[in-house]
């Protein structure tokens with residue numbers, strides 16, 4: 001078992017002789033056996049270094065420590081981010097159980113440990129007191145909550161509403177500052193007749209955003225035509241996009257309007273835009289530049305007035321660099337760009353979306369028995385990575401609602417409804433490639449994980465962190481941080 005704790009003032013006093021009491025951390029590692037000891041602190045290094053030297057003599061546990069910059073020892077946002085980051089890293093590194101010592105530190109630190117340990121993370125709680133010694137404790141209540149840290153005042157101000165999102169965006173359920181900012185940006189784009197490119201993983205709501213932009217635009221009364229570019233057979237692309245005349249090829253028994261003509265005056269939504277072959281890209285570019293197209297078998301071009309909203313889960317700049325996507329087409333489309341975050345990065349939204357999606361499930365089923373999620377079910381939902389994002393969550397809730405037999409949907413019902421990735425397949429080497437992946441993003445995830453750990457281990461010293469990562473120099477480390485936009 002691994003033990004996690006903040007270093008408190010009493011712990012430091014025990015090491016300097018200011019107190020004749022051993023301190024909560026030393027008492028705990030003497031009373032119980034732990035393989036590793038992971039400590040967080042907000043004290044100056046000259047206070048911590050002697051303490052860690054002293055603590056090494058008190059235990060055989062492997063000790064690691066990291067400095068966390070806090071606005072104050074009672075700032076819930078900074079404390080939450082620091083504690084959650086450490087617990088997340090430990091859970092990813094090993095399945096070995098985690099124990100949290102809640103005694104050291106401020107009441108805010110203790111409260112955050114309890115919040116995280118009773119909701120998002122699976123931990124065992126310990127406390128050490130003079131009266132009762134070291135004890136494993138049970139906190140006898142159940143809670144389900146998401147803490148939304150206020151990390152960026154400018155972003156929060158924007159989310160509060162200098163630009164109000166159009167009512168067309170009400171179906172996009174969120175209380176996340178970044179998502180609210182995206183809704184406001186999309187509202188601005190809706191009012192301006194420019195092409196839009198939406199990035200995002202599968203299931204992040206790209207079509208929902210595209211539909212809302214159309215409905216909030218001056219083109220709302222005209223057609224919204226969605227097209228999955230990855231599902232069109234190569235031999236039918238011209239006909240699908242531009243239409244054809246009767247008799248222009250075998251099977252063309254009548255005239256057919258392509259999707260451009262169908263969307264005339266309205267919006268054409270090109271999903272999986274990065275899947276278009278180069279031969280189609282050049283013909284599409286010609287239509288976008290001239291506003292004219294020639295149906296297959298026709299002799300004269302026709303005019304069309306279409307707004308393009310494209311969506312992709314690929315990094316199109318990488319595709320351009322690799323020669324798989326035309327640079328001129330990219331810049332023609334990438335005017336208004338929105339990048340939707342995956343569900344796992346939408347702080348505060350997972351529980352909210354689960355409740356909203358479950359209500360939608362019962363509405364679609366026309367069921368009069370609207371079961372609620374139990375506390376343990378909500379906490380299990382909070383702990384899932386949701387790699388399939390909203391689409392995966394919705395299908396999971398649908399399955400759980402069908403099979404649940406009790407008064408509420410329980411954690412057991414959710415667990416039964418989840419599709420569990422086979423052991424060894426859930427990591428970076430086992431991603432589903434059938435719908436395409438962004439390899440640079442995956443490399444970025446690995447870099448974020450290990451660079452953050454190395455910087456913490458090196459207490460912010462880039463030269464030492466670079467050495468730990470085998471990168472040679474701090475300049476190389478800096479290049480990695482810049483390339484993958486790593487937040488430390």
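Descriptive notes on the structure:
- Restricting 258, 266, 243 to those that are in contact with a strand residue (DSSP E or B) (Cβ under 8 Å, 6 or more places away or on another chain), farther than 27 Å from residue 323 by Cβ, buried (at least 17 other Cβ atoms within 10 Å of the Cβ) and modelled with pLDDT of 95 or more reduces the list to 266.
- Matching residues, the stretch 286-323, being under 15 Å from residue 275 (Cα atoms), in a helix (DSSP H, G or I) and in contact with a helix residue (DSSP H, G or I) (Cβ under 7 Å, 6 or more places away or on another chain): 316, 318, 319, 320
- If only residues of the stretch 402-414 that are assigned to a helix (DSSP H, G or I) and surrounded by 20 or more Cβ atoms within 10 Å (Cβ to Cβ) are counted, the one that is nearest to the chain's Cα centre (by Cα) is 414.
- Scanning the stretch 370-381 turns up at least one residue that is under 24 Å from residue 170 (Cα atoms) and in a helix (DSSP H, G or I).
- Check on residue 295, crowded, with 19+ Cβ neighbours inside 10 Å, more than 24 Å from residue 209 (Cβ to Cβ), assigned by TED's automatic domain parsing to the domain that holds residue 242 and in contact with a strand residue (DSSP E or B) (Cβ under 6 Å, 6 or more places away or on another chain): yes
- Any chance residue 63 is under 23 Å from residue 384 (Cβ atoms) and either surrounded by fewer than 17 Cβ atoms within 10 Å (Cβ to Cβ) or at pLDDT 90 or above (or both): no
- For the stretch 39-56, the count of residues that are within 23 Å of residue 139 (Cβ to Cβ) and within 32 Å of the chain's Cα centre (by Cα) is nonzero.
- Any chance residue 90 is closer than 17 Å to residue 457 by Cα, within 26 Å of the chain's Cα centre (by Cα), modelled with pLDDT of 90 or more and not assigned by TED's automatic domain parsing to the domain that holds residue 376: yes
- The set of residues from the stretch 324-350 being assigned to a helix (DSSP H, G or I), under 18 Å from the mean Cα position of the chain (by Cα) and surrounded by fewer than 20 Cβ atoms within 10 Å (Cβ to Cβ) comprises 344, 345.
- Those helices (runs of 4 or more DSSP H) of the stretch 2-69 in which 2 or more residues are within 26 Å of residue 460 (Cβ to Cβ) occupy 9-16, 45-56.
- Within the set 39, 52, the sole residue that is surrounded by 14 or more Cβ atoms within 10 Å (Cβ to Cβ), touching a strand residue (DSSP E or B) at 6+ places or on another chain (Cβ under 7 Å), free of Cβ contacts under 8 Å to residues at least 24 places away in the same chain and assigned by TED's automatic domain parsing to the domain that holds residue 129 turns out to be 52.
- Residues of the stretch 340-358 include none that is in contact with a strand residue (DSSP E or B) (Cβ under 9 Å, 6 or more places away or on another chain), under 24 Å from residue 232 (Cα atoms) and touching a residue at least 40 places away in the same chain (Cβ under 8 Å).
- Members of the stretch 92-104 found to be in a loop (DSSP other than H, G, I, E, B) and either within 20 Å of residue 42 (Cα to Cα) or touching a strand residue (DSSP E or B) at 6+ places or on another chain (Cβ under 9 Å) (or both), listed by number: 94, 96, 97, 102, 103, 104
- Just one residue in the set 448, 459 is assigned by TED's automatic domain parsing to the domain that holds residue 469, on the phi > 0 side of the Ramachandran plot and either in contact with a helix residue (DSSP H, G or I) (Cβ under 8 Å, 6 or more places away or on another chain) or modelled with pLDDT under 85 (or both); that residue is 459.
- Filter pass, residue 18 being exposed (fewer than 15 other Cβ atoms within 10 Å of the Cβ), in the same structural domain as residue 52 (by TED's automatic domain parsing) and at pLDDT below 90: yes
- Of the residues making up the stretch 457-486, those that are assigned to a loop (DSSP other than H, G, I, E, B) and free of Cβ contacts under 8 Å to residues at least 12 places away in the same chain are 458, 461, 470, 471, 472, 473.
The values are calculated or read from the model by the stated rules, or taken from the named source; none is laboratory data. Just so you know, these numbers come straight off a predicted model, no measurement behind them. With ideal geometry, Cβ positions are generated from the backbone for all residues, glycine too; neighbour counts draw on all protein chains shown.
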